[in-house]
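Peer 1: Below you'll find the structure I mean.
Any read-out appearing in this document is the output of simple, stated calculations on the displayed coordinates, not a laboratory observation. Only a predicted model underlies this, so the values are computations on that prediction, with no experimental measurement involved. Using ideal geometry, Cβ is built from the backbone for each residue, glycine included, and neighbour counts are taken over all protein chains shown.
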Amino acid sequence: MNIESDIFDIVATQAKVDRDTLKRDTRLSELDLQSIDIIELIFAIEDKFDISVPYNASDLNSAGIAFETVNDLIGAVERLNAEQHAQKAV
Amino acid sequence: MNRVVITGLGIVSPLGKNVADVTATLRAGRGAIGPITNIPTDGLITKIGAEVRDFDPAAYFADRQLTLFDRCAQFALVASREAIAQSGLSFRDGLGQRTATIIGSGVGGMVTLDDSFHRVYAEGAKRIHPLTIPKFMISAAMSHITMEHGITGPSFTVASACASANHAIGVAFHMVRAGSVDVAVTGGTEAVFTFGTIMGWDALRVMAPDMCRPFSRNRRGMVLGEGAAIMVLENRARAEARGAEILAEIVGFGMSSDALDIVLPSAAGAASAMRACLADAGLTAEEVGYINAHGTGTLANDVTETKAIHMAFGDHAKKLAVSSTKAMHGHALGASGALELAATVMALRQGFIPPTANFTEADPDCDLDYVPNEARAARVKVAMSNSFAFGGHNAVLAIRL
């Protein structure tokens, strides 16, 4: 599993942009994503990595997770993945 | 009170995906009932239906839109595009606020609901698509029509099982007649071919195993259909002032409730709605030339509806042409009233009465002229269209060419 690569794929698909135009520091706000697109993005991430992302549309920084850049998404998924799948192993 | 006319019509039906195709198929008496193909039928008793075949959503909608549109919303949007295009109206220039959007549906996004529940309960999904709720809600089709066309006036969905579309059109008719709005986009939509839904219909024991034969002695029940028909209603004076083509005038709407049984119909209740429609329209029984019957093909409906027509029309009943187009397009439940009013308008404008297809043998208890099997050339000016729903909800519309 390559979290960075998968996140780039998911963001590119949801934002309908070429994958090559995305960088780690690309801001999600630059990508013309409506609130419903963000929700679909979160869903795609949860589905792909089988993790639960604590996100409520009214509270953009739930549980200290920032979703401002692609890098933030990668970091969040790496952390949640480690927490949630490590717990299962125990 | 204002007079109300139809200035646009659109349809997605098992008989065709536009008005011209559907009209030609009605005239040819060519039915669309056949083996169900959209879902597997192993384990179902009912294996026949009238489906909208070869409907390719990608031909009408972008990928991104499809995540929001259940099949019933797709049908409604395609039909509304045809109707609104024909009307020539644009709603974004101020007319929007004076336009109502009132759509009938029995159950709304059943395909989406069924699919989502399957994921959760059968597949153990931990999460479902974020747009599941806005996609299956019964009002979704109506919402998308307002959004696509920029209609900012009153908007809501009407549900009364098999009478939903007639009720929706009737309420829209009332609003234009009263001057609450100048225009209304109205009709009905339904798409219920899912495994679980058909199993539910099987259990009622009213489904025909072979074919839909309304009013025939050997009829064995109903056959499900699907689709949407949308029409633009307009204040007559306004339509005439702008030189719009007037397809027909809606002259009356009658309603009643049986208040008796959740599935069995009542002749008295149905007759009451037909009489109410005549009174509302200021018509005598003798002025009506044709009735598009509810005519589901069940033992109960067809004999009860025949009695009701006798009660409401007296001696004139024997002179009426009465046909059920459900024999060709199936019973589209919440969309049926709209599909059938559209069929009535289109057929009469082209000078024919649509037949009751699959008519094999007369039933002594069904003794009216049902226009068996072949379309009949006729110059009918005034017609009625019946919808009688589970729960005893009767809604009857009358039109004049």
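Peer 1: Can you list residues from other chains, or at least 5 along the same chain, whose modelled amide H is less than 5 Å from the amide H of residue B:373?
Peer 2: Amide H neighbours of residue B:373: B:356, B:357, B:358, B:359.
Peer 1: Which three lengths, in whole Å and largest first, does the stretch A:3-89 cover when its Cα atoms are put on their principal axes?
Peer 2: 37, 28, 20
Peer 1: Please report, in debye to the nearest 20, how large the charge dipole of the stretch B:25-118 is about its Cα centre when each Lys and Arg carries +1 at its beta carbon and each Asp and Glu carries -1 there.
Peer 2: Numbers: 9 positive and 10 negative charges, 83 e Å.
Dipole about the Cα centre, nearest 20: 400 debye.
Peer 1: Beta carbons within 10 angstrom, averaged per residue: use that to sort the peptides B:359-372, A:22-35, B:301-314, highest first.
Peer 2: On the way: B:359-372: 16.4, A:22-35: 12.9, B:301-314: 22.2.
Ranked from most to least packed, the peptides come out as B:301-314, B:359-372, A:22-35.
Peer 1: Here's something else I'd like to know. So what is the relative contact order of the stretch B:253-400, in percent, for Cα pairs below 8 Å that sit 6 or more residues apart?
Peer 2: Working: 311 pairs, mean separation 52.8, N = 148.
After rounding, I find 36 percent.
Peer 1: Taking θ = phi - 60°, what integer Hz values does the Karplus form 6.51 cos²θ - 1.76 cosθ + 1.60 yield along the stretch B:378-395, in sequence order, with x for Gly and Pro?
Peer 2: Per-residue couplings from phi come out as 6, 9, 9, 9, 10, 9, 10, 10, 9, 9, 10, 9, 3, x, x, 10, 10, 9 Hz.
Peer 1: Please compute the contact order of the stretch A:3-89 in relative form: average sequence separation of alpha-carbon pairs under 8 Å and at least six residues apart, divided by the residue count, as a percent.
Peer 2: Computed over the stretch A:3-89, the figure is 34 percent.
Peer 1: Show that you can apply the helix-only estimate: for chain B, add -39,500 (n - 2.57) for every DSSP H stretch of four or more residues, divide by all residues, and state [θ] at 222 nm to the nearest 500.
Peer 2: -10000 deg cm²/dmol
Peer 1: Taking only C-alpha pairs under 8 Å that are 6+ residues apart, what is the relative contact order of chain B in percent?
Peer 2: It comes to 24 percent, rounded to a whole number.
Peer 1: In whole angstrom, note down how far apart the Cα centers of the stretch B:72-111 and the stretch B:1-47 are.
Peer 2: Result: 18 Å between the Cα centres.
Peer 1: Something else: Quick check: convex hull over the Cα atoms of the stretch B:4-241, volume per residue in Å³, rounded to an integer?
Peer 2: 141 Å³
Peer 1: Next question, about the same structure. Taking amide H positions as placed in the peptide plane 1.01 Å from N, state which residues far from residue B:48 in sequence (5 or more) or on other chains have amide H under 5 Å from it.
Peer 2: For residue B:48, the qualifying residues are B:36.
Peer 1: Among the lysines in chain B, how many pairs, 8 or more places apart or on different chains, have alpha carbons under 27 Å apart?
Peer 2: Lysine pair count for chain B: 14.
Peer 1: To the nearest 20 Debye, how big is the dipole of the stretch B:90-245 about its Cα centre, given +1 on the beta carbon of each Lys and Arg and -1 on that of each Asp and Glu?
Peer 2: Magnitude of the dipole: close to 300 debye.
Peer 1: List the residues, sorted by chain then number, that are 5 or more residues from residue B:252 or on another chain and whose placed amide H is less than 5 Å from its amide H.
Peer 2: Distant-sequence amide H within range of residue B:252: B:398.
Peer 1: Write down the radius of gyration of the protein assembly as shown and its Dmax, each obtained from C-alpha positions, in Å.
Peer 2: Just the Cα atoms of the protein assembly as shown yield Rg and Dmax of 25.5, 84 Å.
Peer 1: Another question, if that's okay. Take every residue in peptide B:119-129, count the Cβ atoms of other chains within 10 Å of its Cβ, and give the average of those counts. Please list the in-between numbers first.
Peer 2: Working: counts 0, 0, 0, 0, 0, 0, 1, 5, 7, 2, 5.
Average per residue, whole number: 2.
Peer 1: What's the magnitude of the charge dipole for the protein assembly as shown around its Cα centre, counting Lys and Arg as +1 and Asp and Glu as -1 at the beta-carbon? Answer in Debye, nearest 20. Mind showing how you got there, number by number?
Peer 2: Details: 42 positive and 55 negative charges, 313 e Å.
Roughly 1500 debye, rounded to the nearest 20.
Peer 1: Once a ≥ b ≥ c are taken as the square roots of the eigenvalues of the Cα gyration tensor of the stretch B:253-400, is the result rounded (a/c under 1.5), prolate (a/b larger than b/c) or oblate (a/b not larger than b/c)?
Peer 2: Since a/c stays below 1.5, the shape of the stretch B:253-400 is classed as rounded.
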